[in-house]
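Enquirer: Questions regarding the structure given below will be posed in turn.
Where a number appears in this text, it was derived from the coordinates with a stated rule and is not lab data. What you see is a predicted model; the values in this text were computed from it and never measured. FYI the Cβ positions are ideal-geometry reconstructions off the backbone, even for glycines, and counts take in every protein chain you see.
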Amino acid sequence: MISVKKVNNRPLNFLERIYLPEIARGVAVTTRHFFANLFNPKKIMTVQYPEQASPLPGNANLRTRHRLKLRADGSPKCVACFMCQTACPAYCIHIEAAEYPDNAVEKYPAVFDIDLSRCVMCGMCVEACPEDAIAMDTREIPGGAEKRSEMLLTKEDLLRNLPGEPSLLGASNRLANEYLEGKK
Amino acid sequence: MTGFFNAHQDLLIFSGAAALKVLVFMGGVMSFAALLTLAERKVSALMQDRVGPNRAAVFGFAFNGLFQPIADAIKMIFKEDFVPARAEKLLFTLAPAFALLPIMVLFAFIPFGDHVMVYGYRVDLQIAELPLGLFFVLALSGLAIYGTFLAGWASKNNFALLGALRGTAQMVSYEVALGLTLVGLLMIYGSAGLQDMVRAQGALLFGFVPAWGIVYQPFAFILFLTAAIAENKRTPFDLVEGESEIIGYFMEYSSMRFAAFMFAEFVEIILISMLAATLFFGGWQVPYLYDSGFILPGGKALALNHYLVAALQVGAFTVKTVFFSWALLIIRWTLPRFRFDQLMALCWKGLLPLALLNILITGAVLLALGKL
């Protein structure tokens, strides 16, 4: 049963019908805002986004910039199984596998690139990963860039933090790089 | 050669002064129109608690968006200048000029100051002094309809044609009301020359009130402003062409031809502001400022240099123009849009009878005072 709400608008009185006093009232409101913002621009809520960012809500379930997780010994969890690359609907992941010199069972990613300019932030790679190695929990929202090459996340970017944007998760990942450096 | 200069000295100086006035005044108007495109966005942004354009930068200096008009112009120039295959090529090309030109010509009749004496020569601060200036202004602003209609018709697009029909109907209707609102002023000042009307507004009423048009004809001012905004085709009367949702007469236009229509709109804002200032707010008159300086009603006098007086008058005219342009922007961003039937009803059932009533009352009062 659709409920019908009948609105009884009161008829306009004379002053409202000639429209001019109402125009004056409206203009007064807009003018007040104009001068308030002209003399106190700091009060405008606009955030100049790529330069400034408002903090993300603490408990929000967000899909943000990817990272590659680490094992307890500091090696990357990724075993270069290509599951995420296969699942990716935007074809933005590029993996090249390599073998550890001292481990005949597992592979590791020699190249792990995510092209953020193609990524649709859908999280399918995270769903597909059998090793729980990739996550999208850095709470860094990828912004725009002036060059396409700047939108390319390499393995180092995924294991490290983006330059100038320290985060605990990213900083801890520096260990993984050091581990890999030690293997060479 | 010297003989030629001596023989035609007056003519040469007159032509030189006229050319200089055209360059300076029109240059000022054009730059102000370009700034208005930015002001429109900035004013609307500040009214709506936003920031507005602030990114266009030259060498890293944005100056809060001051370079936006330049960026817009560069973008417009480099856009594809598209002409529909079935369009009427000649008229399609001419229509933007028809929209822009009559409005630009009108600035020649606006007095932006009294006069300056330069080396004994009197230079009137008005490009062309015409005894019937006001009628010429109305006639030429009527010509601007051609721009609207030709644009819609020559694009051979049904929606553009409908937009042009709406626009023509609106402009023709409000042309009538616009003309009639000004008849009262003609009766009071007894002249149709804009400079004469401004000079007449320098008088004092009851010894202390400046005899500006708004004092004599406050009602006509409201009618004039309403009709002028409608003539300008901007909100609340922008159903000819509502940028975001209503397909208008220049929908087939792109690149600088489109820019010409938009620019004409902004130039018309300046024109309306200048006309409102000239007709109703004393033009270049500063209250109590005369050729010799300030003479206050109490009898106190402050002598001023001739050039300072001229500068003050031009400055006053500029301030009034800028104020009205700002007010028009505020009105444009405050009011919701009329429906087409409401628009026509407002003109024919509202403005027109009221304008006629205004003429009747003005005439009756003038007759009673024995001034007619």
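Enquirer: In peptide A:41-54, what is the residue-averaged number of other protein chain Cβ atoms found within 10 Å of each Cβ?
Expert: What the average comes to for A:41-54 is 2.
Enquirer: Going by average Cβ density within 10 Å per residue, which order do the peptides B:229-240, B:353-364, B:144-155, B:245-256 take, highest to lowest? Please list the in-between numbers first.
Expert: On the way: B:229-240: 22.8, B:353-364: 15.5, B:144-155: 24.5, B:245-256: 18.9.
So the order, starting with the most tightly packed, is B:144-155, B:229-240, B:245-256, B:353-364.
Enquirer: Further question: According to a simple spin-label model (label point 7 Å from Cα along Cα-to-Cβ), what is the distance in nm between residue A:72 and residue B:302?
Expert: A separation of 8.7 nm, rounded to one decimal place.
Enquirer: Return one number: the angle in degrees, 0 to 90 and rounded to the nearest 10, between the long axis of the Cα atoms of helix B:133-154 and the longest principal axis of the Cα atoms of chain B.
Expert: The helix B:133-154 is inclined about 10 degrees to chain B.
Enquirer: Moving on. Using a 10 Å cut-off on Cβ atoms, rank the peptides B:78-87, B:193-202, A:69-78, B:156-165 from the highest mean neighbour count down.
Expert: Working: B:78-87: 12.5, B:193-202: 22.3, A:69-78: 16.6, B:156-165: 18.3.
Going from most to least packed, we get B:193-202, B:156-165, A:69-78, B:78-87.
Enquirer: Answer rounded, prolate or oblate for chain A, using the Cα gyration tensor with square roots of eigenvalues a ≥ b ≥ c: rounded when a/c is under 1.5, else prolate when a/b is larger than b/c, else oblate.
Expert: Because a/c hits 1.5 or more and a/b exceeds b/c, chain A counts as prolate.
Enquirer: Need one number: nm distance between label points at residue B:2 and residue B:356, each 7 Å from Cα along Cα→Cβ, rounded to one decimal.
Expert: Placing both labels 7 Å beyond Cα along the Cβ direction yields 6.9 nm.
Enquirer: Let me know the whole percent of all Cα-Cα pairs from the stretch B:165-307 that are separated by more than 20 Å.
Expert: It works out to 57 percent of all Cα pairs.
Enquirer: Quick one: work out Rg over Rh on the C-alpha atoms of the stretch B:95-190, Rh as Kirkwood radius. Don't jump to the answer; show the numbers that get you there.
Expert: On the way: Rg = 17.6 Å, Rh = 15.5 Å.
For the stretch B:95-190, the value is 1.13.
Enquirer: Next question. How crowded by other chains is A:30-37, given as the mean number of beta carbons from other chains within 10 Å of each beta carbon?
Expert: 6
Enquirer: Tell me the angle of helix A:20-39 to the major Cα principal axis of chain A, expressed in degrees between 0 and 90 and rounded to the nearest ten.
Expert: With rounding to tens, the tilt is 40 degrees.
Enquirer: Looking at the stretch B:111-156, I'd like the Rg to Rh ratio, where Rg is from alpha-carbon atoms and Rh is Kirkwood's inverse mean 1/r.
Expert: Rg/Rh: 1.31.
Enquirer: What is the packing order of peptides B:291-298, A:7-14, taking the mean over residues of other C-beta atoms within 10 Å and listing the highest first? Provide the component values of the computation, followed by the final result.
Expert: Details: B:291-298: 12.8, A:7-14: 6.6.
Sorting B:291-298, A:7-14 by mean packing, highest first, produces B:291-298, A:7-14.
Enquirer: Which is the longest run of chain A containing none of the GluC sites (Glu not before Pro) found in DSSP loop states (not H, G, I, E, B) with at most 10 other C-beta atoms within 10 Å? Mind showing how you got there, number by number?
Expert: On the way: sites that count: A:51, A:146.
So the longest stretch without any such site is A:52-145.
Enquirer: Also: For chain B, state the semi-axes of the equivalent ellipsoid (square roots of 5 times the eigenvalues of the alpha-carbon gyration tensor), sorted largest first and rounded to whole angstrom.
Expert: Values for chain B, descending: 35, 27, 22 Å.
Enquirer: Hey, got the Cα dimensions of the protein assembly as shown along the principal axes, in Å, largest first?
Expert: In descending order, the Cα extents are 114, 82, 59 Å.
Enquirer: Now for a different question. Name the long-range amide H neighbours of residue B:293: under 5 Å, sequence gap of 5 or more, or other chain; modelled H, no Pro or chain starts.
Expert: Under 5 Å from the amide H of residue B:293: B:304.
Enquirer: Taking only Cα atoms and a 10 Å spring cutoff, compute GNM fluctuations for chain B and point out the largest among B:186, B:12, B:38.
Expert: Among B:186, B:12, B:38, the largest mean-square fluctuation in the Gaussian network model of chain B belongs to B:12.
Enquirer: Okay, next question. Please compute the Kirkwood hydrodynamic radius over the stretch B:130-237, one decimal place, Å, based on all pairs of different Cα atoms.
Expert: On the way: mean 1/r = 0.0647 Å⁻¹.
Kirkwood hydrodynamic radius for the stretch B:130-237: 15.5 Å.
Enquirer: With point charges of +1 on the Cβ of Lys and Arg and -1 on the Cβ of Asp and Glu, referenced to the Cα centre of chain B, which listed residue (B:338, B:93, B:301) lies farthest in the positive direction of the dipole?
Expert: My answer, from the dipole projection, is B:338.
Enquirer: If the cut-off is 18 Å between C-alpha atoms, which lysines fall inside it for residue B:89, apart from same-chain ones fewer than 8 positions away?
Expert: Within reach: B:156.
Enquirer: Another one. In peptide B:39-49, what is the residue-averaged number of other protein chain Cβ atoms found within 10 Å of each Cβ?
Expert: 4
Enquirer: How far is helix B:255-280 tilted, in degrees, relative to the longest principal axis of the Cα atoms in chain B, given as a value from 0 to 90 rounded to the nearest 10?
Expert: 30
Enquirer: Only Lys, Arg, Asp and Glu count, each charged at its Cβ (+1, +1, -1, -1), so figure out the dipole size of the stretch A:16-116 about its Cα centre, rounded to 20 debye.
Expert: Charge dipole, the stretch A:16-116, about its Cα centre: 740 debye, nearest 20.
Enquirer: Helix-only estimate, please: 222 nm mean residue ellipticity of chain B, summing -39500 (n - 2.57) across DSSP H runs of length 4 or more and dividing by its residues, to the nearest 500. Please report the intermediate quantities before stating the final value.
Expert: On the way: 14 runs with 230 residues, N = 372.
So the calculated ellipticity at 222 nm is -20500 deg cm²/dmol.
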